[in-house]
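Bear in mind that the values in this text are calculations on the coordinates, not laboratory data. Just so we're clear, the structure is a prediction, and the values are computed from it rather than from any experiment. Please note: Cβ atoms are built from the backbone with ideal geometry, for glycine as well, and neighbour counts cover all protein chains shown.
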């Protein structure tokens, strides 16, 4: 019996060791599991099944349409992308369906011509723009999200390229362009960088530091003379692909005007007007200008029958074919301006001490506005334009009033259209122009053409007068005014023509 | 001794167990280490020190400048970003330093005025553009890299928003905008989405599925009437931040022309010209037009002393102040065009059976060109323009020749400038315009103003003739031609004026 004692003692010590080692083993395994689940969730998660939001599943619903409409409605218009926009008469607004300007028999052919012309326009403008590039999550690359631009045939360094993926014995990163070629300013052996000066550049190296040095100095070269084109450059490693745009274009050429050393008003502003069959009104207007601005250049476009004699060395007088029309004359007048700004006035306006051109100049000098209107005897004629896109032509909505006050000028506002008394940046005004196809009554057509090009403001405190409508005694002048009034009438044909022009030229569908 | 046997047997069995368990333990630990290093390198790498590329460090050098220059040099010009560009006379080219057009005493003041005007121009154009947004690597978000656009005061859904970060008991994602407001079309309890309709939107949920549903339906609303502005929207979770641009702008309004049901040439093309003190040349040109194109509208701008009588119902005749100038007249003429295309001709050209306008129309209809020139008795006057940016004004380089053949028209090429016989998209031509400040000899000035706006081509096979330079018998006409030749002379003052215009208006520094 005694003999067992040591054995027993031995086996118990062994059991203890056994227990301890099993404990360690278990601990190791527990630690192993713990580590994998909690310390590196991003790695384990990749295998973990998606969480089951039993409660959440019920929550996956969208707001009811009427709620979305109420959220994004402005001035009674739901400004949210739709397949089809409508022009429902709103409050006291009328609504126009521009198709009606054409006969039902002509319409199908007109629609086809309009679509063909629109496609040609889009092709030249580079439209429709490509859909947004979507970045995937967890890409191992740094890259420029947007804003990389190159002039045709020029080379630019591409900023921000970087690789931060997993360590690997060998790194392989491939860049691909489609319109231009790629290279790197890094000086490396040929086996490290392949495809220099080609559309596909491949980097092969065992050093992350070398890889990123090469990436930091990658260049893009525009190899064809192209303009307003977007190349999508891709950056690949294993299954990860990052894409970013490179825009190929020339910058817009500045067209600056020298105001001269003294910044005299006559070196900054010209006055432009159009006249037709009412010389007495024009002369009265010119006299009123000279009372306040003796030396400003005044440009007059005249499509009357008889040319006038105007004895004023600062008046430039142009004659046009008889009755060529209202916007043709306006376009002629602004085409001759050589100063930074041009002030538009009608030929029957009247300058007064409230007609402060300097104030309007100050507004354009200190803001980003392209056009700023005053008021004609208190009438500012402010209106806002809204556009809704749709497949078969856009919907245009017009509302009286303004969008917001003008920063820095508490008495002025930002709007879409103003009265026929405004100061404009000459170069901007010429870019939009007055469509010479509009021969008779026309006004807001100019501001519609200017949508997207002109930022318009209105300052009611700058006021111009209007000559009285009282009939003239002189029989010849009376006769002229009679003829004038015929041309001035907004006939039904005129209206039909303008509606057709909106339908075809501006590719509008309807308006309210 | 025998008594020991069982004990010995017992202890040996124990030792075996001990060995096995230690083996397991070791195995567990080895497996543990192995797993951490090889199965999840991306997690371990985050702690691992950067690799030491002892060999690589030496490789981190850039290509020598002369090599970079040779890589990116085109037509002898190094087209690569530099702080300062130069205009070194190249081959037989002369070089101009535009500053020299001003007196040294005036120059400092001129420079200040030019800088002030340039800054005003940039402010209105939204320049300089913001630097490229750089995406960091390994962001847990999907998002739109570029191309998201919204009209002022409109709302758009933001595509591609997604969260693919680590699992967590609670997900918190924050979106921030600066110019507009954010919302989501997802219908959720208030505690899940906070800040609807505000500049900061916060999503709090325990369900990844719910989070991504909400993200997929996030909207951006432009709340102020702004134009050509870029808002940078950020998407944040913990320390990860993704940023993407939302551009606020109106689309450019189309200005389409209806070619009419039969697509008659007279409904597609008008001819425009400018004349001065040589009626006989103009009349000869008009007669030659009528031989081949009896009913095309011809627009004539005339700044001679005496107005002409032209008996042609399809000629529109405009008179200008005497000697108003060459580009003023050209600008007047194109301001009156009401057809899709306008053909420019000088008043001393001569139409022949090789003057095929239809061919030029076909080129503009089928390509993206804005302007296509023909040849005057074989002279195409093709030249290329290159621009280099620099702080104090850009460098302009002019080289004869063309960039590339025109796709689809093997006999035509793409270039920057052509001869005074070209067909143009009326609307594009009017957008650039002919600067009325250029009164006398001027030609390439128009194509310089058009850089960035006009894509120009040249088709030598369409040929117009030129009237003989032989002197006239008629003494009156001879007198006129004598006066004409005085105006036509490119005097030193004229040249100085043009150089000054490039310096101030186009903000150019020099040219070769």
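Along Cα→Cβ at 7 Å, what distances in nm separate the residue B:353 label point from those on the other copies, shortest first?
7.5
Give the average over all directions of the projected area of the C-alpha convex hull of the stretch B:108-185, one decimal, in nm².
If I average the Cα hull's projected area over directions, I get 8.6 nm².
Size of the stretch A:424-477 along its principal axes in angstrom, Cα-based, largest extent first?
Result for the stretch A:424-477: principal-axis Cα extents of 46, 33, 18 Å.
When each copy gets a label point 7 Å from Cα toward the beta-carbon at residue B:312, what are the spacings between them in nm, shortest first?
3.5
How crowded by other chains is B:60-67, given as the mean number of beta carbons from other chains within 10 Å of each beta carbon? Present the calculation step by step, with values, prior to reporting the outcome.
On the way: counts 9, 5, 6, 8, 1, 1, 0, 2.
Going residue by residue through B:60-67 and averaging, the value is 4.
Separation between the residue A:105 and residue A:265 pseudo-spin-labels, each 7 Å from Cα along Cα→Cβ, expressed in nm?
About 5.9 nm separates the two model spin labels.
Please work out the C-alpha center-to-center distance from the stretch A:151-174 to the stretch A:368-403 and express it in whole Å.
The stretch A:151-174 and the stretch A:368-403 have Cα centres separated by 47 Å.
Does anyone have the angle between helix A:357-366 and the longest principal axis of chain A? Alpha-carbon axes, 0 to 90°, nearest 10?
It works out to around 10 degrees.
How large is log10 of I(q)/I(0) for the stretch A:426-512 at q = 0.17, 0.19, 0.20, 0.26 Å⁻¹ when the intensity is taken from the Debye formula with one equal scatterer per alpha-carbon?
Log-scaled intensity ratios, in q order: -0.97, -1.06, -1.08, -1.26.
Write down the Kirkwood hydrodynamic radius of the stretch A:67-224, to one decimal in angstroms, obtained as one divided by the mean of 1/r over all alpha carbon pairs.
Values: mean 1/r = 0.0475 Å⁻¹.
Result for the stretch A:67-224 stands at 21.0 Å.
Roughly what angle does helix B:326-335 make with the longest principal axis of chain B, taking Cα atoms, 0 to 90 degrees, to the nearest 10?
Computed tilt is about 70 degrees.
Taking every residue in A:245-254, how many Cβ atoms of other protein chains lie within 10 Å of its Cβ, on average? Please report the intermediate quantities before stating the final value.
Details: counts 3, 0, 2, 0, 1, 9, 9, 6, 14, 15.
Mean number of neighbouring Cβ atoms from other chains: 6.
Please arrange B:206, B:313 by counting, for each residue, the other beta carbons lying within 10 Å of its beta carbon, fewest first.
Working: B:206 15, B:313 8.
With the fewest neighbours first, B:206, B:313 line up as B:313, B:206.
Please work out the Kirkwood hydrodynamic radius for the protein assembly as shown, using every pair of different C-alpha atoms, and report it in angstroms with one decimal place.
33.4 Å
Report the equivalent ellipsoid semi-axes for the stretch B:97-147 in whole Å, largest first, defined as the square roots of five times the eigenvalues of the gyration tensor built from alpha carbon atoms.
43, 12, 8
Ordered shortest first, which distances in nm separate the 7 Å Cα→C-beta label point of residue A:405 from those of the other copies?
Here residue A:405 shows inter-copy label distances of 6.4 nm.
Among B:448, B:170, B:158, what is the fewest-to-most ranking by other Cβ atoms within 10 Å?
Numbers: B:448 21, B:170 8, B:158 24.
If I rank by nearby Cβ atoms, fewest first, I get B:170, B:448, B:158.
Among A:285, B:283, A:112, B:253, rank each residue by its count of other Cβ atoms within 10 Å, from fewest to most, as a rough exposure measure.
A:112, B:283, B:253, A:285
Would you kindly compute the Cα radius of gyration of chain B and its largest Cα-Cα separation (Dmax), both in Å?
36.3, 154
Taking the Cβ-Cβ separation of residue B:313 and residue A:112 as r and a Förster radius of 35 Å, what is the calculated FRET efficiency to the nearest 0.05?
Efficiency for this residue pair is about 0.65.
Would you mind pulling out the separation of the Cα centroids of the stretch A:98-139 and the stretch A:299-359, in Å?
The two parts, judged by their Cα centres, are 38 Å apart.
Can you give me the angle between helix A:475-488 and the longest principal axis of chain A, using Cα atoms only, in degrees from 0 to 90, rounded to the nearest 10?
Tilt of helix A:475-488: around 30 degrees.
Shape call for the stretch B:144-250 from the C-alpha gyration tensor, a ≥ b ≥ c root eigenvalues: rounded (a/c under 1.5), prolate (a/b greater than b/c) or oblate?
Here the stretch B:144-250 falls in the prolate category.
Take residue B:84 and residue B:474, extend 7 Å from each Cα along the Cα→Cβ direction, and tell me the distance between the two endpoints in nm.
5.9 nm
Note down, for the stretch B:265-511, the three equivalent ellipsoid semi-axes (square root of 5 times each alpha carbon gyration tensor eigenvalue), biggest first, whole angstrom.
Equivalent-ellipsoid dimensions as semi-axes: 28, 24, 16 Å.
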